[in-house]
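K.L.:
My questions will all concern the structure given below.
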Amino acid sequence: MNQAARPAPEKPPQAAGLPQLSVIVPTFNERDNVTRLYRQLETALTGVGWEVIFVDDNSPDGTWDVVRALAQEDSRVRCIRRIGRRGLSGACIEGILASSAPFAAVIDADLQHDETQLPKMLALLQSGEADLVVGSRYVEGGSADSFNRQRAGASALATEVAKRVLRVKIADPMSGFFAIRRDRFEQLAPQLSTQGFKILLDIVATARGNLRVKEIPYSFGSRLHGESKLDSTVALDFLGLVLAKLTHDVVSLRFLLFAMVGSTGLFVHLATLFAALEIFDLPFPESQACGALLAMTSNFILNNFLTYRDQRLRGFAILRGLLLFYLVCSVGLFANVGVAFSVYDQEPIWWLAGAAGALMGVVWNYAMSGLFVWRKQ
Ligand code: GDD
Ligand code: MN
């Protein structure tokens, strides 16, 4: 068709009515909080063009259902229901990218953050004074009194590590409350990690000083309903993020964990071999087979618990995963021995050949486990 003959697309009728600010709310089991938050946003953002995008990871309590009902009454409310995925950072990223407003804010659903700061945050972005505005507990006027001692200590430690190791210069890089220009976010998005909790730290570390950041104080309140989803594996996620940022994504925590679990497997193998030979008086081949089987099983359990905790297999899938894991590891053993033999053939140094074989084995097992055992849904 003749391009020139096509009529020029009409301008949208009222660009002024489009939202300036998109508020992103990650939710997991927040059924009792979302309506209240929506009402409070409505009050806080009077006079501002805004929308709110809830990103819900298919909460068992049906949070998404409550959000849908709100959305049916107010077109400024949107709901992204993600199935088969979990993760605070990933949810925030998806929410921001789903909006087309020039500015986006992230706020928790449980009302621990202070939504009355949003107009001020927006104003700082609109005036061009900042690309990123952080709601901070650790600048003059801010507080985190609702924290218990343990949580306060962990937060302080993580903040210190982030500042020193990643040279992040803001007072509260662990905050989950911030607003950002969407165009700047869009540039950084491909390098952000979808795993873990620390999206703000990730943004600031990834930008490497190229964002103009302003911090404004707020008081971290108490949760309205429900409970926190932060648990001890958050520390592991944090470590992973620091590692990835430090090494420009070369070292993945997952691989390190997989290799560490693999080395515990060696101990399990040797201990079983010893017990089978010395205590149960079994012949060597049977003992060796027992050792290998037990080591693979314990590796599988640990990996399912730690290395792939975000994709943990449950119920019947565990059995299927275990059998596949045995299969992957058996092939890995052939790869290991094959490489070790050929290295030894060229250069008869036992430890070099042994190490090359072991490395080949772990890389193979890791790659194949990711493909077949804990594959992303
Ligand atoms: N979609 C989705 N998926 N949302 C999640 C997930 C998830 O896997 N996990 C948690 N959320 C949502 C919660 O429903 C809540 O709205 C918000 O993310 C924060 O989770 P909380 O469980 O309430 O975390 P917290 O209060 O212990 O910690 C928060 O505040 C700290 C201080 O600002 C988080 O925002 C931390 O990142 C932050 O450091
Ligand atoms: Mn909370």
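K.L.:
I need every pair where a residue in region 213-236 that is under 16 Å from residue 142 (Cβ atoms) and open to solvent by 70 Å² or more (accessible area, probe 1.4 Å) has its Cβ under 6 Å from the Cβ of a residue that is more than 8 Å from ligand 1 (Cβ to nearest atom) and at pLDDT below 85, sequence separation at least 6 or different chains.
P.N.:
Every condition considered, the pairs that remain are 222/146.
K.L.:
For the structure I just gave you, tell me whether residue 249 is under 14 Å from the mean Cα position of the chain (by Cα) and open to solvent by 60 Å² or more (accessible area, probe 1.4 Å).
P.N.:
On the way: under 14 Å from the mean Cα position of the chain (by Cα): no; open to solvent by 60 Å² or more (accessible area, probe 1.4 Å): yes.
In short, no.
K.L.:
A further question on this structure: Of the conditions (1) hydroxyl-bearing (Ser, Thr, Tyr); (2) closer than 27 Å to residue 126 by Cα; (3) not in a helix (DSSP H, G or I), residue 59 fails just one. Which one is it?
P.N.:
Unmet for residue 59, out of (1) hydroxyl-bearing (Ser, Thr, Tyr); (2) closer than 27 Å to residue 126 by Cα; (3) not in a helix (DSSP H, G or I): (2).
K.L.:
How many of the residues in region 216-247 are more than 17 Å from residue 198 (Cα to Cα) and of a type in the set (A, V, I, L, M)?
P.N.:
So the count comes out to 2.
K.L.:
For region 193-232, enumerate the residues that are modelled with pLDDT under 90, within 16 Å of ligand 2 (Cβ to nearest atom) and in contact with a helix residue (DSSP H, G or I) (Cβ under 7 Å, 6 or more places away or on another chain).
P.N.:
Passing the criteria: 196, 197, 198, 224.
K.L.:
Separate question: Return the residues of region 188-212 that are more than 19 Å from residue 258 (Cβ to Cβ), away from ligand 1 (no atom under 11 Å from the Cβ), open to solvent by less than 60 Å² (accessible area, probe 1.4 Å) and assigned to a loop (DSSP other than H, G, I, E, B); say none if nothing qualifies.
P.N.:
Correct list: 192, 211.
K.L.:
For region 125-152: of the residues being modelled with pLDDT of 85 or more and part of a helix (DSSP H, G or I), which is farthest from ligand 1 (Cβ to nearest atom)?
P.N.:
Within region 125-152, the match that is farthest from ligand 1 (Cβ to nearest atom) is 126.
K.L.:
Follow-up. For region 83-122, give me each residue that is within 9 Å of ligand 1 (Cβ to nearest atom) and surrounded by fewer than 18 Cβ atoms within 10 Å (Cβ to Cβ).
P.N.:
Once the filter is applied, which keeps residues that are within 9 Å of ligand 1 (Cβ to nearest atom) and surrounded by fewer than 18 Cβ atoms within 10 Å (Cβ to Cβ), region 83-122 yields 85, 86.
K.L.:
Collect the residues in region 213-233 that are assigned to a loop (DSSP other than H, G, I, E, B) and among the hydrophobic types (A, V, I, L, M, F, W, C), keeping them in residue-number order.
P.N.:
220, 224, 230, listed by residue number.
K.L.:
Only residues that are open to solvent by 40 Å² or more (accessible area, probe 1.4 Å), of a type in the set (A, V, I, L, M) and touching a residue at least 12 places away in the same chain (Cβ under 8 Å): list them for region 294-314, please.
P.N.:
If the condition is that a residue be open to solvent by 40 Å² or more (accessible area, probe 1.4 Å), of a type in the set (A, V, I, L, M) and touching a residue at least 12 places away in the same chain (Cβ under 8 Å), then 294, 302, 306 are the ones that fit.
K.L.:
Assuming residue 162 fulfils every condition listed in (1) at pLDDT below 90; (2) open to solvent by 10 Å² or more (accessible area, probe 1.4 Å) apart from one, which condition is it?
P.N.:
Status for residue 162: all satisfied but (2).
K.L.:
Let me ask you something else. Quick test for you: out of 106, 52, 77, pick the one residue that is more than 16 Å from ligand 2 (Cβ to nearest atom) and either closer than 16 Å to residue 182 by Cβ or of a type in the set (D, E, K, R) (or both).
P.N.:
Being more than 16 Å from ligand 2 (Cβ to nearest atom) and either closer than 16 Å to residue 182 by Cβ or of a type in the set (D, E, K, R) (or both) holds for just one of 106, 52, 77, which is 52.
K.L.:
I'd like the residue in region 315-351 that is charged (D, E, K, R) and in a helix (DSSP H, G or I) and, out of all such residues, is surrounded by the most Cβ atoms within 10 Å (Cβ to Cβ). I'd like the intermediate steps shown before the answer.
P.N.:
First, pick out the residues of region 315-351 that are charged (D, E, K, R): 320, 345, 347.
Narrowing the set further to residues that are in a helix (DSSP H, G or I) leaves 320, 345.
Working: 320: 12, 345: 9.
If we take residues in region 315-351 being charged (D, E, K, R) and in a helix (DSSP H, G or I), then 320 is surrounded by the most Cβ atoms within 10 Å (Cβ to Cβ).
The values are calculated or read from the model by the stated rules, or taken from the named source; none is laboratory data. Nothing here was measured: the structure is a model prediction, and the numbers come from that model. Glycine also receives a Cβ, built like all others from the backbone with ideal geometry; neighbour counts cover every protein chain displayed. Surface accessibility is based on the protein's heavy atoms, side chains included, excluding ligands, DNA and RNA. Shrake-Rupley method; radii C 1.70, N 1.55, O 1.52, S 1.80 Å.
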